Each structure stands twice: as structure tokens, then as C-alpha cells.
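J.: Input: one structure, supplied below.
The values are calculated or read from the model by the stated rules, or taken from the named source; none is laboratory data. In this text, all values refer to a predicted model and were calculated from it rather than measured experimentally. Positions of Cβ are generated from backbone atoms using ideal geometry, with glycine treated the same way; all protein chains shown enter the neighbour counts.
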Protein chains: 2
Amino acid sequence: MSFMEQIKKRWISNNTLLCVGLDPDLDKIPSRFREMEFPLYEFNKYIIDATYQYVCCYKPQIAYYNGVGKERDLELTIDYIHSTYPGIPVILDAKRGDIGSTAEMYVKEAFSRYKADSVTVNPYMGGDTLQPFLDQKDKATILLCRTSNPGAVDLQNLLIEGKPLYLHVAQKAANEWNKNNNIILVVGATYPDELKEIREVIGDMPFLTPGIGAQGGDVEKAVKAGTTPDGNGMIINSSRGIIYASNPGEAAKSLRDEINLYR
Amino acid sequence: MSFMEQIKKRWISNNTLLCVGLDPDLDKIPSRFREMEFPLYEFNKYIIDATYQYVCCYKPQIAYYNGVGKERDLELTIDYIHSTYPGIPVILDAKRGDIGSTAEMYVKEAFSRYKADSVTVNPYMGGDTLQPFLDQKDKATILLCRTSNPGAVDLQNLLIEGKPLYLHVAQKAANEWNKNNNIILVVGATYPDELKEIREVIGDMPFLTPGIGAQGGDVEKAVKAGTTPDGNGMIINSSRGIIYASNPGEAAKSLRDEINLYR
């Protein structure tokens, strides 16, 4: 089943738009994991077992593994999700973007090596650099559009013929690049007006929405601005707010329920 | 010595602007390397030993290692360059870009784990995502500006107040982000008019220029458009044209000499 089919199914079967970001920092995880052979994997397993009922997908951020040489922990984590909880797809958050021959290697990294179901990609280099990802019909390509950080305005909000750059990205994604219906857009929760503006332009293309929690995004405003008329269409990520909670299962359930209040 | 000091010294001491891209594809390297324990490293060692006199730096593209689980080969390669040929700095071509906490992990990846001297970064997410890189004063941050691929026009050439996006990036780099004098811009050889236009705007900030060789960029036009008045200011990359040449040393010498003709 493709990523798009899996995520749509999961939104309904488990009544959840919540994605948990698996971004474990070796310095921050409980000390009992640190002595283990695969500390990040063991920590992730604990988080996954506590939260799987409440999520539509998981999103490991690859920097947390590459930065400390823990590639094996990432492989084991994705394999654990697929084998233990089939039906929950995995987004590899890597924000890749490079010319064709290199992009092919990144496709190999995300889908052959790590066996993710979807990967985040940066659009700055243009359509030809996205094509190797888009050609993977069953995988989703998640394009940065309007990110959740304060500096996002530096480039993304520059006006081109009266419209901000992020809207041009959204329109190119919807009108030119989405031949396989496998694009998702990253639109942060921190700017609900822009979530709404982009939603109006692109129809029911899903959003991956970071920025809830540590980054200050408001759940009610984001959900109301970003969901499609059927109350779906969003993958709402929380990382630190859940993985470092004293009870990650409770934190995930509580955020899922809060999101559902406004769908 | 900082990356900037090293590269400036090397331009003169070895009279070269050439950078060799270490992008070894397991399927394309000679079969004698493939049976070795660290095939990409052994291949790189062969390339480095043959070309070191002719280069100002090396640039491994991380996708070629991550895609096939050869992180150790990359670590060994960078360590080999530093220990065997001190004075030749290394650019890790990774095109990273993410929010602060994640960017910190990418800084760790490039500089603590791989011990590179410089890293390529994507500006789409804005200034705050660049800061963790820029804060490393002795390392250079190499920002994508006008890339060499055909699709680069999709976003980079959109006009904002009459000026293309890539010029806005160049100006922000020169006027806002370069407090530590450690920014370099990626400007492709395939569009010499744009190399010239950017050079006029940013003074003597160095360029990293891909696009010679396999991508079709013209050496004479690129060098004349992109060098600073003293004939320096560029790091001109060639990957496939050198590493897969029957005699990589000869290929590197010949391209260095061709570049020097036009400085």
C-alpha cells in the first residue's frame, strides 16, 4: 500500500492526525538507555510501544542519528515500526535536495537503505532535483513550503508578483510536480493564516505540520486552518513534547484528543 | 588555520582553483576496489594520491556514502586527507538545512563526526537555520545561491522587486549573514552571466562552482566571469570528469591548467 493510502486509512481507523517525531538526543534520553548497545533504538522502542495507538505515522529526524554515528539505530527503529505495527508509515525527515545523480543516491538512502515510506525534500534547487523522489510512486515526497521557524520569512515570504515564494512552491507542487499524486507540503503550525491561505490554493493535498509544542504553535488555530473539509488532510508532528514527557503515551493521547476537538 | 585561510593559501601555494569531488559510486568504481573492506575509501585514496598536487580542496558528496551505508569510508577518507596532505581543506557536500536544534546536530555531523572544514547548506529555511553553521568561525558555510542544474530557474530565478531570488540570497549572505567572514556561495558554471552578476554584487566572497564537465559548463567563461580581480575567489569543482578518468592525475592537472589559462 502506498504512503498516501496508508496515512488516509490510519487517519480514520485510529482517528488521529498525530505524528510523533523520533528525534532522540543522546544527552537528553533517560540514562538507563545510554548504556545499551543501541541506545537511540531502545529509547525509540519505548516511545513507539507507548504511543502507537495514537499516531498516524512516525517521523525520525535523520540528523539525530547521523550526528552521532547511530545509523544502525535508525535502521532498527524503522524496521521495528514496520514489523511490529504494520500499517503505520514512516517519514524520514532529511530535507534532502541535490542534482539528479546525487538525488538518486538520496532516494536509495531513504527507501532502500532505511526503508522509509516517505521523505522530506527541500525545493530550492527546483523540479529536476525533485523528480527522482517523485518517481517513487508509492512513496510520498514531502516538500518544504512554509516552515515553522522565525527565519522562514527571510526567503519564503519574499513577494513575487504579489505572492509570497511559499505560495509559488505550493502552486508548482499542485499544478506541475504532482503527476503521481504523492506530494505533501510542510506548512508550520506557527502561522495559521498561511496554513489557511495555502489550503485554499492547493485543494486537499496533505500537510505535514510541525511547530506545535516547543515551537509555540496553537493547536486549535492550526487544525481549523489546515484540515480539509472532512477533518483530515494533516499530519501534525510533535517531537520533544512527547518523547521527553514523563508519560509519553499520555502525552500523545492528550495531544491527539486536543487535535480531534477541532477537526 | 580556518578554512578561508587554508583555501586562500592553497590557491597561491599550489596555483590552483580546482576542487575534486569525491563522489564514488560503488557500481562505477573499478572492480579491484569493490572486494576491499572499505571500497569507497580505497578508491578515494587512489584518487587523492593521484591528484593532491593539483587541488585546492576536496569535496566528498555525503549521499554517495549514506546511500550505501559507507559512513566509515567517509570518515577514513577525510582523516586520510588531513593526516597525509595537511593544508588541503575538505568540504562536506551535504546541503543541510533545518531548524536550530536539528541544525546543531548537523553541525556535529560535519565538524565533530566527519571533521570536515566546511559544509554546504541550503538557505530556503532562512537565517536562523544557518546560524549554528555560521557560528563555527573557523569553518566555512557554503550557501546554495544559483545552482548548476536546469531546474534551478524554477525558484532561484523568480523575480522579487525586479531581482532574481538568487541575488537576494547573495545580498543577504554578503550584508546580513557574513559577520564571521566565513560564507562561500554556490554558483554554477553553467550560467556565466549570472556568475558575473553575483560577483558584482558581493565583492570578493568566494564561489564554489560546480557544473564543469559532465554538466556542460564552459571553463573559460566561468573563470572569466567568476574570479576576483587577483585571479582567485573560486573553488571550481569537477567530480565525474576526474575520478572516472583513465588517468585521474592527468585529468586533474589538465583541468587545473585550463582554469589557470583564464585567471
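J.: Hey, can you tell me all the residues within segment B:247-263 that are hydroxyl-bearing (S, T, Y) and assigned to a helix (DSSP H, G or I)?
T.: Selection gives B:S254 alone.
J.: Tell me, please, whether a residue that is under 26 Å from A:S101 (Cα atoms), facing chain A (nearest Cβ under 10 Å) and part of a helix (DSSP H, G or I) can be found in segment B:157-165.
T.: Yes: one or more hits.
J.: Related question: Considering only segment B:235-246, I want to know if a residue exists there that is surrounded by 22 or more Cβ atoms within 10 Å (Cβ to Cβ), in a loop (DSSP other than H, G, I, E, B) and either among the polar types (S, T, N, Q) or modelled with pLDDT under 95 (or both).
T.: Yes, that holds for at least one residue.
J.: Looking only at segment B:114-137, count every residue that is in a helix (DSSP H, G or I), facing chain A (nearest Cβ under 9 Å) and surrounded by 19 or more Cβ atoms within 10 Å (Cβ to Cβ) and tell me the total.
T.: 3
J.: Right, next: What are the residues in segment A:199-222 that are touching a Leu at 6+ places or on another chain (Cβ under 9 Å) and closer than 16 Å to A:Y58 by Cα, if any?
T.: Residues satisfying the conditions are A:P206, A:F207, A:L208, A:T209, A:I212.
J.: Mind listing whichever residues of segment B:72-113 are part of a helix (DSSP H, G or I), of a type in the set (G, A, S) and either in contact with a helix residue (DSSP H, G or I) (Cβ under 9 Å, 6 or more places away or on another chain) or within 25 Å of A:P60 (Cα to Cα) (or both)?
T.: Listed by number, the residues that qualify are B:G100, B:S101, B:A103, B:A110, B:S112.
J.: Look at B:A214 and say whether it is more than 21 Å from B:V121 (Cα to Cα), at pLDDT below 95 and assigned to a helix (DSSP H, G or I).
T.: It is true that B:A214 is more than 21 Å from B:V121 (Cα to Cα), at pLDDT below 95 and assigned to a helix (DSSP H, G or I).
J.: I'm trying to understand the selection: among the residues of segment A:90-102, which are more than 7 Å from chain B (Cβ to nearest Cβ) and under 19 Å from B:Y106 (Cα atoms)?
T.: A:I91, A:L92, A:D93, A:A94, A:R96
For (1) closer than 27 Å to B:A94 by Cβ; (2) surrounded by fewer than 23 Cβ atoms within 10 Å (Cβ to Cβ); (3) within 13 Å of chain B (Cβ to nearest Cβ); (4) without any contact (Cβ under 8 Å) to a residue 24 or more places away in the chain, each residue gets a yes or a no:
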{"site": "A:S31", "(1), (2), (3), (4)": "no, yes, no, yes"}
{"site": "A:P39", "(1), (2), (3), (4)": "yes, yes, no, no"}
{"site": "A:V55", "(1), (2), (3), (4)": "no, no, no, no"}
{"site": "A:G69", "(1), (2), (3), (4)": "yes, yes, yes, yes"}
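J.: Tell me which of these A:Y191 doesn't satisfy, since it passes every other one: (1) at pLDDT below 95; (2) surrounded by fewer than 20 Cβ atoms within 10 Å (Cβ to Cβ); (3) not charged (D, E, K, R).
T.: A:Y191 satisfies every listed condition except (2).
J.: For segment B:41-52, what are the residues that are within 19 Å of the chain's Cα centre (by Cα) and touching a residue at least 40 places away in the same chain (Cβ under 8 Å)?
T.: B:I47, B:T51
J.: Name the pairs: first residue in segment A:101-113 and closer than 18 Å to B:G211 by Cα, second residue of a type in the set (S, T, Y) and part of a helix (DSSP H, G or I), Cβ to Cβ under 9 Å, at least 6 apart or on different chains?
T.: Listed pairs, sorted by first residue: A:T102/A:T129; A:T102/B:Y64; A:A103/A:T129.
J.: Same structure, new question: Is it fair to say A:D49 is surrounded by 15 or more Cβ atoms within 10 Å (Cβ to Cβ), over 30 Å from A:L134 (Cα atoms) and not aliphatic (A, V, I, L, M)?
T.: Criteria not met by A:D49.
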